[in-house]
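See structure below.
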Amino acid sequence: VEVAKGPYALTWGGGQLSAIRVETGDLFRAARAEALGGQLRSGYDTNVEAYDVTGTAAGRRGPVAYRLNGAYREGEAYQAGDGTSVPAQFLNRELRAKIGYKLGDNQRLTAGGGYQRQDDVRYPGRLLNAEFFKSGRARLGYEYASGRGLVRSVEATAYGYQTLHTMNNEGKVTYASETPLRVSVASDITTFGGRVATELAPAPDLRLTVGADGYRAYRDAERPFQVVMNGQPMVPPFYESDQIWPGVSITNAGVFAQVTRLLGTVEATATARADGVWAGADESQVTDVYLDIAAPDDEALDPDALDQRELNVSGALMLTAPLSDAWSLSVGGGTAVRTAGALERFADRFPANKAQTSAEFIGNPRLEPERSWQADLEVQARYDRVSVKVSGFARHLSNYITLEEAPNVEPMLPLPIFADGPFRYANGAATFYGGETSASVAVSPSLTAHVSGSYLWGKNLETDRPALGVAPLRGDLGLRWEPQGGRVYVEGTLTATARQDRVADKRLGEQSTNGFLTLDLQGGVDIGRGISLDGGVTNLTDTNYVNHLNAKNPYTGTPIPEPGRVLFLGATYAF
């Protein structure tokens, strides 16, 4: 898993300020030649009552390699550290397959796909529970890698996925209240995209990567609503619209180039990209109600004003230099653009991803894209028994997409929990500073100590208040004992999280949270013949704590606590 924070993932795709890339490994190297191999694993966690079974099988036959993965997971309600019962639940099944064909020593084709279904997912921090998720995805890829000559590699990928998602309020307070409500949401999330890139080596000390990528995202969602009166469900007269996403389409097409060159002992990497964005909605599904409330001023929007076009240019530069045989210094900076999403553009009084409260939020189709300006500094050291990394950054966001009050708009649903709001998405400005540090020390050939910490500070410049949803200071201290041979290991991690008092306007639902200390222990043993066991305990001291970014119970306003003590045990069979 590779994480790029800030404007340094410009060759991975457009419309983002940071990115995560997951590499599943070389299909042909992972599969043993002319043989079938894999593993089966099962585990159980107390408290959350979670049970899982996963399996992987992979093999090769001539130029063909294949892999098949399956998983089943379920969990129930859990108890927090103070004994409070939290009504969580999930049931998940998934199946994934991938097949590859070698066209020659340097070329291969791959095709993969998967299906996932989740049922009866209970969200203690939301107004609705999920009845089901049905997700299907497919991917086709071509790779050429020579390692020599002018053209070092060529990659081409096409992908698509669709998620059908239904939620309702069964099991919530509103479902069995004095005047029962029947609320549901049915959504369709579909995305198609692709990428092509080639790496060139015009000179021994020069690498050039050029390419293009794009995607089209479609979002459609409806929210039927009824009140049960005298045993009969009916749509109340105050309910104005059930359209959450009116057939929203966002298309992003971009081109990029990255140059890496050695300037003496300094490695310099410069990246640039340009993106065209087309965003709009199905005019036949856009309601007059939404047009009346979507504009921050009191003037109703014209349906022709919903379409938006953007041309976004991003760029970054990173310099890395050795300070000595062990120490290196990296300095970087750049700017990147994130285009507004479907909820931010077209939500009609629907909960926001950014907020901890379940208040109603209104999209703004005229949002400007969010631009980040960032500078980074990182120092690393590697010795035989010690490694250290310290990094820091400063980021300014112009056209920061944030939330503000919408005082002239009435809530759609007359519930006490909507007393604050509605709110709308709006552009502003913000500044963030932060840093991370980590170190690892081989105390002995069998014992390793590690320490890490992170801090983030953010301010909304429009409100002169702390930015919304900033995690508190956190640190980890751990020890791992693993004798040579690696057949047994024992590890303990102590995590300390500070109190977070810097919170945004309370009307946006953010509250202060206390600091906490937790201890996790785990271990494992390889008993031979492909069988290994592992187990341990998380939150050994049964601490009652809340992650600052957790949602709140929409009916009580209390943040959702994390699980108390959890014992877990797992077994793996590799063949």
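Taken together, the values in this text are just the output of simple stated rules run on the coordinates, not laboratory data. From a predicted model like this one, the values you see are computed outputs, not experimental measurements. Glycine gets a Cβ as well: all are built from the backbone with ideal geometry, and neighbour counts include every protein chain shown.
Per the Kirkwood treatment, what hydrodynamic radius in Å, one decimal, follows for segment 51-101 from the mean inverse distance over all distinct Cα pairs?
Values: mean 1/r = 0.0732 Å⁻¹.
Result for segment 51-101 stands at 13.7 Å.
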- request: Give, to the nearest whole percent, the P(r) tail of segment 8-151 beyond 27 angstrom, counting all Cα pairs.
  value: 45 percent
statement: Projected onto the charge dipole of segment 98-237 (unit charges on the beta-carbon of Lys, Arg, Asp and Glu, signs +1, +1, -1, -1), the Cα from Ile99, Phe132, Val228 with the largest positive-side position is that of Ile99
- line: Percent relative contact order for the chain, counting Cα pairs under 8 Å at least six residues apart, stands at 11 percent
field: Descending principal axes extents, segment 420-518, alpha-carbon based, whole Å
entry: 59, 23, 20
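At 0.36 nm per residue, and after removing the present C-alpha to C-alpha distance, how many nm does the segment from Ala156 to Leu494 gain when stretched out fully? Intermediate values should be presented prior to the final figure.
Details: separation 338, 0.36 × 338 = 121.68 nm, distance 4.39 nm.
Net length gain for the segment: 117.3 nm.
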task: Please name whichever of Leu533, Thr518, Gly458 sits farthest to the positive end of the charge dipole of the chain, dipole taken about the Cα centre and charges placed at Cβ: Lys and Arg +1, Asp and Glu -1.
output: Leu533
- line: A student asked for the Cα radius of gyration and Dmax of segment 106-241 in angstrom ought to give 24.3, 81
- request: Consider all pairwise Cα distances in segment 130-175 and report the whole-number % of them above 13 Å.
  value: 72 percent
message: Charges on Cβ only, +1 for Lys and Arg, -1 for Asp and Glu, centred on the Cα centroid of segment 172-215; of Pro202, Val185, Val173, which one is farthest towards the dipole's positive end?
response: Val173
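What value, in deg cm²/dmol to 500, does the helix sum -39500 (n - 2.57) over DSSP H runs of n ≥ 4 give at 222 nm once divided by the residues of the chain?
Value at 222 nm, helices only, nearest 500: -500 deg cm²/dmol.
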task: Work out the count of Lys pairs in the chain where the Cα-Cα distance is under 22 Å, with the pair 8 or more places apart or on different chains.
output: 10
field: Kirkwood-based shape ratio for the chain, expressed as Rg/Rh from alpha carbons
entry: 0.96
- prompt: Please state the equivalent ellipsoid semi-axes for segment 241-352: what are the square roots of 5 times the Cα gyration tensor eigenvalues, largest first, in whole Å?
  reply: 45, 15, 11
- line: segment 185-286: Kirkwood hydrodynamic radius (Cα pairs, Å) comes out at 18.0 Å
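Can you give the FRET efficiency to the nearest 0.05 for Ala35 and Thr166, using r as the Cβ-Cβ distance and R₀ = 41 Å? List each step's numbers first, then the result.
On the way: r = 43 Å, r/R0 = 1.05.
Using R0 = 41 Å, I get an efficiency of 0.45.
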query: Could you give me the ³J(HN,Hα) list for segment 451-456, computed from phi with Karplus coefficients 6.51, -1.76, 1.60 and θ = phi - 60°, whole Hz, x at Gly and Pro?
result: 9, 8, x, 8, 8, 9
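Could you work out the relative contact order of segment 391-517? I mean the mean sequence separation of Cα pairs under 8 Å and 6+ apart, divided by the number of residues, in percent.
On the way: 262 pairs, mean separation 23.8, N = 127.
With pairs under 8 Å counted, the relative contact order is 19 percent.
Pulled fully out, how much extra length does the chain show between Gln285 and Arg148, if you take 0.36 nm times their separation in residues and subtract their Cα-Cα distance? Walk me through the numbers on the way to the answer.
Working: separation 137, 0.36 × 137 = 49.32 nm, distance 5.42 nm.
Working it through step by step, the gained length comes to 43.9 nm.
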message: Strictly greater than 25 Å: what percent of every Cα pair in segment 451-564 meets that?
response: 41 percent
query: Taking the Cα centre of the chain as origin and charging only Cβ (+1 Lys, Arg; -1 Asp, Glu), how large is the dipole, in debye to the nearest 20?
result: 2340 debye
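Take every Cα pair under 8 Å in segment 206-305 that's 6+ residues apart, average their separations, divide by the length, and report that relative contact order as a whole percent. Intermediate results must be reported in sequence, preceding the final value.
On the way: 162 pairs, mean separation 27.0, N = 100.
For segment 206-305, the relative contact order is 27 percent.
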